[in-house]
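Chemist: Sharing a structure, written as structure tokens. Questions coming.
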Ligand code: DQA
């Protein structure tokens, strides 16, 4: 089972940016936590971060036919990007949306998510653990689907 973990703009600045919302853990420590969890669960994981919308679209398209599930934190593009929504719809890969902070309790514009309608689940406000939970949900979702098939 292969999962692609995608992170959008400014998440490479974790540990530096707004620790009151995102904590003090760095982007490197997030990647390490994800890799460790993947290894424990026997999941093959690919991790990619970009500050550019088109690069995220390219990464989603590149997952087509290659990856079983996507965990995505589109960061600020959550609230603006039809292109990322369309890319997730285009590839039809089971996807979970993740946010480190509790977006529903912040500024009103953060309550809008373009990508949500293309995701089968969303996890917010659980810090880095949200990524691990999202990986677990994808695994359960795929196992469930496999059972029905
Ligand atoms: C975020 C929430 C977004 O509103 C924000 O633009 C981010 C990070 C989160 O993980 O909580 O960059 O996606």
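All of the numbers you see were taken from the coordinates with simple rules; none came from a lab. It should be emphasised that the depicted structure is a prediction, and the values quoted were computed from it without experimental measurement. Cβ sites come from the backbone with ideal geometry, for glycine too, and all protein chains shown count toward neighbours.
Chemist: Add -39500 (n - 2.57) for each DSSP H run of 4 or more in the chain, then divide by its residues: what number comes out at 222 nm, to the nearest 500 deg cm²/dmol?
Modeler: Working: 5 runs with 59 residues, N = 149.
Calculated from helices alone, the mean residue ellipticity at 222 nm is -12000 deg cm²/dmol.
Chemist: Let me ask something additional. Taking one equal scatterer on every alpha-carbon of the chain, how large is log10 of I(q)/I(0) by Debye at q = 0.14 1/Å?
Modeler: -0.61
Chemist: Give me the distance between the Cα centres of region 78-149 and region 38-66, rounded to whole Å.
Modeler: Here the two parts' Cα centres lie 14 Å apart.
Chemist: Which order do peptides 45-56, 77-88 fall in by mean Cβ count within 10 Å, highest first?
Modeler: Values: 45-56: 17.1, 77-88: 18.8.
Packing proxy ranking, top to bottom: 77-88, 45-56.
Chemist: Order these peptides, 18-28, 121-131, by their mean beta-carbon neighbour count within 10 angstrom, highest first. Numbers along the way, then the final one.
Modeler: On the way: 18-28: 13.2, 121-131: 17.8.
Packing proxy ranking, top to bottom: 121-131, 18-28.
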